[in-house]
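**Student:** I'd like to ask some things about the structure below.
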Amino acid sequence: MSQEDQIIQWNIKLRDKTPYEIIHWSLNQFGSDKAIASTSFGPYTAVLLQLITEINPLIPIIWIDHGYNRSSTYQYVEKIQELLKLNLHVYSPRLTAARRDILYGPLPIDRDNESALQEFSALMKLEPFSRVMNDFKPHVWFTGVRQTQNCHRKSFDIISFDSVFDVWKINPLLYWTDDQMTRFLHEHDLPNEFDYFDPAKGDEKRECGLHAPWAKKFVKQK
């Protein structure tokens with residue numbers, strides 16, 4: 001069976017499974033010692049973090065701190081870290097936010113300039129995330145991506161092979177709605193965070209680069 005056909009079969013199998021079941025299946029399939037999960041600490045991110053740490057608290061949680069987060073996000077990080085005892089690994093760009101602003105000017109969020117947003121994402125997200133992948137060399141990468149987040153993500157599957165980073169990407173919450181996410185947070189007494197800003201997107205209709213096919217042109221292949 002080709003890899004493409006295998007992926008189709010896996011997605012059919014996992015379509016009606018719970019996020020818990022999807023994570024367990026993925027760890028059994030690809031190995032728990034070569035897994036990572038990424039987070040932005042944006043809205044609803046505590047759901048994935050609770051699921052991951054409950055199943056295996058040793059899985060590295062990766063956060064790319066690009067330096068443009070609001071104070072509420074940094075406070076939220078501390079709160080979630082205290083509640084869930086995350087195995088948190090924070091990566092930052094080699095270029096600080098202050099230095100980037102001096103060298104490249106204002107954030108490209110108010111301009112209808114896709115190339116400027118892509119270049120920003122390459123500097124401030126893809127560069128540090130590439131180091132993550134080189135350092136951890138994971139076989140599986142869990143994300144909090146959901147179809148309702150933007151139009152691009154409506155085409156995503158639960159499982160795919162990410163050719164940019166050479167890793168199996170798992171989206172256990174892909175089909176969950178905001179109502180389901182909110183209910184989960186309430187059931188587990190977890191806080192949410194809506195005062196979140198991602199300058200790598202410009203707005204919520206765009207992709208930041210970690211989940212976009214154009215990232216390949218910026219990521220150095222091994």
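**Student:** Okay, helix-only estimate at 222 nm for the chain: each DSSP H run of n ≥ 4 adds -39500 (n - 2.57), divide by all residues, round to 500 deg cm²/dmol; what do you get?
**Tutor:** Numbers: 8 runs with 85 residues, N = 222.
Estimated from H runs of four or more residues: -11500 deg cm²/dmol.
**Student:** Residue 153 versus residue 182, label points 7 Å from Cα toward the beta carbon: distance in nm?
**Tutor:** According to this spin-label approximation, the distance is 1.7 nm.
**Student:** Here is a further query. Roughly how many Å² of residue 137 are accessible to a 1.4 Å probe, to the nearest 10?
**Tutor:** Probe radius 1.4 Å; accessible area of residue 137 about 110 Å².
**Student:** Give the residue from 106, 80, 19 lying farthest towards the positive end of the charge dipole for the chain; charges sit on Cβ (+1 for Lys and Arg, -1 for Asp and Glu) and the dipole is referred to the Cα centre.
**Tutor:** Value: 106.
**Student:** Got a sec? Which residues in segment 27-52 would a label at residue 6 touch, if it sits 7 Å along Cα→Cβ and we count backbone N under 11 Å?
**Tutor:** 30
**Student:** Could I ask something else about it? If the only charges are +1 at each Lys and Arg Cβ and -1 at each Asp and Glu Cβ, what is the size of the charge dipole of segment 1-123 around the Cα centre, to the nearest 20 debye? If you can, show how the numbers build up before the last one.
**Tutor:** Values: 11 positive and 14 negative charges, 53 e Å.
Computed about the Cα centre, the dipole is about 260 debye.
**Student:** Residue 196 to residue 161: extension gain in nm, 0.36 nm per residue of separation minus the Cα-Cα distance? Write down the numbers at each step before the final one.
**Tutor:** Details: separation 35, 0.36 × 35 = 12.60 nm, distance 2.86 nm.
In short, 9.7 nm is gained.
**Student:** Here is a follow-up. Gaussian network model of the chain, Cα springs within a sub-10 Å range: biggest mean-square fluctuation belongs to which of 75, 149, 118?
**Tutor:** Taking springs between Cα atoms under 10 Å, the residue moving most is 75.
**Student:** When only alpha-carbon atoms count, how far does segment 115-186 stretch along each of its three principal axes, as whole angstroms with the largest first?
**Tutor:** Projected onto its principal axes, the Cα set of segment 115-186 covers 35, 31, 25 Å.
**Student:** Still on this structure, I have one more. If you average the sequence gap of Cα pairs under 8 Å that are 6 or more apart and divide by the length of the chain, what percent do you get for the contact order?
**Tutor:** Working: 319 pairs, mean separation 60.6, N = 222.
Relative contact order for the chain comes out at 27 percent.
**Student:** Moving on. If you roll a 1.4 angstrom probe over the protein chains with everything in place, what fraction of the accessible area of segment 79-137 belongs to carbon and sulfur, to the nearest %? Before the final figure, lay out each step's value.
**Tutor:** Numbers: 1730 of 3380 Å².
On segment 79-137, the fraction of accessible area on carbon and sulfur atoms equals 51 percent.
**Student:** With semi-axes √(5λ) of the Cα gyration tensor in Å as the read-out, I listed (i) 31, 24, 17; (ii) 26, 21, 17; (iii) 28, 21, 13; which label goes with the value calculated from this structure?
**Tutor:** Given (i) 31, 24, 17; (ii) 26, 21, 17; (iii) 28, 21, 13, the calculated one carries the label (ii).
**Student:** Within 13 Å, Cβ to Cβ, of residue 184, how many net charges do the neighbouring residues add up to if Lys/Arg are +1 and Asp/Glu are -1? Walk me through the numbers on the way to the answer.
**Tutor:** Working: positive: 146, 183; negative: 54, 178, 179, 187, 189.
Here the count lands on -3.
**Student:** Could you give the dipole magnitude of the chain about its Cα centre, charging the beta-carbon of Lys and Arg +1 and that of Asp and Glu -1, in debye to the nearest 20?
**Tutor:** Details: 26 positive and 29 negative charges, 131 e Å.
It works out to roughly 620 debye.
**Student:** Comparing 54, 187, 114, which has the greatest mean-square fluctuation in the GNM of the chain with Cα pairs linked when under 10 Å apart?
**Tutor:** Ranking 54, 187, 114 by mean-square fluctuation puts 187 first.
**Student:** Per residue and in Å³, how big is the convex hull formed by the alpha-carbon atoms of segment 1-71? Before the final figure, lay out the partial values.
**Tutor:** On the way: hull volume 9.3 nm³, N = 71.
Per residue, the Cα convex hull of segment 1-71 comes to 131 Å³.
**Student:** What is the ratio of the Cα radius of gyration of segment 41-92 to 2.2 N^0.38 Å, with N the residue count, to two decimals?
**Tutor:** Working: Rg = 10.7 Å, N = 52, 2.2 N^0.38 = 9.9 Å.
Ratio of Cα Rg to 2.2 N^0.38 Å: 1.09.
**Student:** Go ahead and set up a Gaussian network model of the chain, Cα springs under 10 Å, then flag whichever of 116, 212, 98 fluctuates most.
**Tutor:** 98
The values are calculated or read from the model by the stated rules, or taken from the named source; none is laboratory data. As the structure is a computational prediction, the values presented were derived from the model and not from experiment. Because the Cβ atoms are built from the backbone with ideal geometry, glycine has one as well, and the counts that use them run over all protein chains shown. Note: accessible area is taken over every heavy atom of the protein model, side chains too, but ligands, DNA and RNA are not part of it. Shrake-Rupley method; radii C 1.70, N 1.55, O 1.52, S 1.80 Å.
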